[in-house]
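These notes concern the structure reproduced below.
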Amino acid sequence: MTATQWRTFLSDYSSKFLNSDYLREADSEGTDLLSEAQREAGWLGYEPASEEAILAAEERLGVRLPPTYRNFLLTTNGWNNIGGLDLLKVDEIGWFPDLQAELLGWWSSPDMDHFAESVEILKRCLLISVDWGGSGGNWLLHADSAGENGEWTAYEWWPGEGGDLEDHDSFAAMALHAEDAIS
């Protein structure tokens, strides 16, 4: 997806989310998922990240980010509530083992040997989301899976539910999947 395509997709996503049963239910329970400014603007995102900020993150992380994720960041530097998670700003993303060392350690324990293959994947994933709601969800980008087009395999993972990594061909494919869940 190009930055222009992201802008269209995210505008549509914002509109669907703002009119969703999910948001109405959260509002009725007194849960503030969005700021008043986001509601008024009809946009769940933020100002775009600068190319300089993206380059600084790539330097800090030692990798070039996948094209669809870079274009997303050039459209909005983070996102409020997609797939039940918030997407981090470019200066907040980091390697999963650095940001979630305790969780990785738990899933790496000897009694979790059935999860060993997934642990190896997690060791080379960027964590790009935060779960303020506490349900334990993660959106991840796997650096060692870059295709010829530069895209990385994207994973959705809900360890609190004991779930396996759910793979998607790219960050864009994962975002499109999340849009399908809005009601």
Out of all the residues in the stretch 1-44, which are open to solvent by less than 40 Å² (accessible area, probe 1.4 Å) and in contact with a Gly (Cβ under 7 Å, 6 or more places away or on another chain)?
L10, S14
Lone qualifier among R64, R70 - being touching a Lys or Arg at 6+ places or on another chain (Cβ under 9 Å), basic (K, R) and crowded, with 18+ Cβ neighbours inside 10 Å
R70
Answer from D167, D111 - the residue that is exposed (fewer than 15 other Cβ atoms within 10 Å of the Cβ) and either among the acidic types (D, E) or on the phi > 0 side of the Ramachandran plot (or both)
D111
Return the residues of the stretch 46-63 that are closer than 23 Å to W157 by Cβ and in contact with a helix residue (DSSP H, G or I) (Cβ under 6 Å, 6 or more places away or on another chain); say none if nothing qualifies.
V63
Of all residues making up the stretch 152-174, the number that are touching a strand residue (DSSP E or B) at 6+ places or on another chain (Cβ under 9 Å), touching a residue at least 12 places away in the same chain (Cβ under 8 Å) and within 13 Å of N138 (Cα to Cα)
11
Select from the stretch 166-183 the residues that are part of a loop (DSSP other than H, G, I, E, B) and at pLDDT below 90 and list them in ascending order.
A181, I182, S183
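For the stretch 7-24, enumerate the residues that are hydroxyl-bearing (S, T, Y), assigned to a helix (DSSP H, G or I) and touching a residue at least 24 places away in the same chain (Cβ under 8 Å).
The first filter runs over the stretch 7-24 and keeps only residues hydroxyl-bearing (S, T, Y), leaving 8, 11, 13-15, 20, 22.
After this cut, where a residue has to be assigned to a helix (DSSP H, G or I) as well, the list is 8, 11, 13-15, 22.
Within the stretch 7-24, S11, Y13, S14, S15, Y22 meet the criteria.
Going by the conditions given, is G78 surrounded by fewer than 21 Cβ atoms within 10 Å (Cβ to Cβ) and under 24 Å from Y13 (Cα atoms)?
Judged against the criteria, G78 is not a match.
Quick check on E58: is it without any contact (Cβ under 8 Å) to a residue 24 or more places away in the chain, open to solvent by less than 20 Å² (accessible area, probe 1.4 Å), acidic (D, E) and farther than 15 Å from S129 by Cβ?
Working: without any contact (Cβ under 8 Å) to a residue 24 or more places away in the chain: yes; open to solvent by less than 20 Å² (accessible area, probe 1.4 Å): yes; acidic (D, E): yes; farther than 15 Å from S129 by Cβ: yes.
Spelling it out, E58 is indeed without any contact (Cβ under 8 Å) to a residue 24 or more places away in the chain, open to solvent by less than 20 Å² (accessible area, probe 1.4 Å), acidic (D, E) and farther than 15 Å from S129 by Cβ.
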Residue list for the stretch 137-164, filter: open to solvent by 30 Å² or more (accessible area, probe 1.4 Å) and assigned to a loop (DSSP other than H, G, I, E, B):
A146, G147, E148, N149, W158, G162, D164
Report, by residue number, each residue of the stretch 71-114 that is within 19 Å of D167 (Cα to Cα) and either hydroxyl-bearing (S, T, Y) or free of Cβ contacts under 8 Å to residues at least 24 places away in the same chain (or both).
L104, H114
Quick check on the stretch 120-139. Is at least one of its residues in contact (Cβ under 8 Å) with a residue 60 or more places away in the chain, over 29 Å from T31 (Cβ atoms) and under 13 Å from the mean Cα position of the chain (by Cα)?
no
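The values are calculated or read from the model by the stated rules, or taken from the named source; none is laboratory data. Everything numeric in this text was worked out from a predicted model, so none of it was measured. Reconstructed Cβ throughout: ideal geometry from the backbone, glycine too, with neighbour counts over all protein chains shown. Surface areas here come from the heavy atoms of the whole protein model, side chains and all, with no ligands, DNA or RNA. Shrake-Rupley method; radii C 1.70, N 1.55, O 1.52, S 1.80 Å.
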